[in-house]
């Protein structure tokens, strides 16, 4: 008999997302149901077309985040409610090890299931990363399609489509 996890490990991926003050509008928020936290149901998606992350000095990539938008939107992407849950006090220990390895190396885990417009009217999403001043933090990833820096960071996705809980009926 499977036990129900404590309420603190249940994440409402259907709830309206947090909208940081530097965003003017929520564009899309893919509901994800009531998720009883289980790291085996989480994965990272990297397109075969994404470049490798450079290990040396910054070198611009001809591959831009906009090149991923259509492809990634066909994936079972996770929304920013999970990102915000990871940022709650004490929840950083639940971040999957593979994700922390990327974050510890200065990388970002992008949450494509929630997109916004920034204060300039440009599309953006949020990513989980490590800020040397604040620790684990949410970062604004502009998808203004001019920014090459984020082209090699993975998207947070369900491990398979059946991992996603069914969104609540309105």
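Quick note: the coordinates plus some simple rules give every number you see, no bench work behind them. Just so it is clear, the structure is predicted and the values come from calculations on it, not from any experiment. When we count neighbours, we look across all protein chains shown, and the Cβ atoms used for this are built from the backbone with ideal geometry, even at glycine.
So here's what we get for this one:
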item	result
Cβ-derived FRET efficiency at R0 41 Å, residue 12 paired with residue 132, nearest 0.05	0.85
Gain on full stretching of the segment that runs from residue 49 to residue 34 - 0.36 nm per residue minus C-alpha separation	2.2 nm
Order of 25, 41 under a 10 Å beta carbon neighbour criterion, fewest first	25, 41
Footprinting exposure proxy for 139, 108 (fewest neighbouring C-beta atoms within 10 Å first)	139, 108
Shape category assigned to region 63-160 from the gyration tensor of Cα positions, a/c cut at 1.5	prolate
